[in-house]
Amino acid sequence: MRGFQHIRINHKKIFANGKVHINGIENFWSFAKRRLKLYHGGFKVNFYFFLKEMEYRFNNREDDKAVEKLYRLISSRST
């Protein structure tokens, strides 16, 4: 992928090297898996869209108005 620098970590030796670690993706995946349970398998057909929704919710989880902003965004695109 362009625009990203891929760095490897040998977990047999170290778990992090400065800012290079996997805590971010593990945190996101834990967040998403908790919500997967709510769908009881119904997300499988639209898994990509489920992940995009979880990405938005994860990145805006501290914002009290995030759901309202998402609704306005969806509403403005459907007209």
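The values are calculated or read from the model by the stated rules, or taken from the named source; none is laboratory data. Everything numeric here is computed off the predicted structure, so don't read it as measured data. Because the Cβ atoms are built from the backbone with ideal geometry, glycine has one as well, and the counts that use them run over all protein chains shown.
Some observations on this one:
- Taken over the range 19-57, the criterion of being more than 25 Å from residue 67 (Cα to Cα) and touching a helix residue (DSSP H, G or I) at 6+ places or on another chain (Cβ under 6 Å) is satisfied by no residue.
- Matching residues, the range 19-53, being among the charged types (D, E, K, R) and surrounded by fewer than 12 Cβ atoms within 10 Å (Cβ to Cβ): 19, 26, 33, 34, 37, 44, 52
- Only helices (runs of 4 or more DSSP H) whose full extent lies in the range 8-79 are considered here, and the ones with at least 2 residues that are at pLDDT below 85 are 23-39, 66-77.
- Flag if residue 16 is in contact with a helix residue (DSSP H, G or I) (Cβ under 6 Å, 6 or more places away or on another chain), free of Cβ contacts under 8 Å to residues at least 60 places away in the same chain, surrounded by 10 or more Cβ atoms within 10 Å (Cβ to Cβ) and aliphatic (A, V, I, L, M): no
- Cβ pairs under 9 Å, 6+ apart, first in the range 43-60 and at negative phi, second in a helix (DSSP H, G or I) and among the basic types (Lys, Arg): 43/35; 50/35; 53/35; 54/35; 57/35; 60/69
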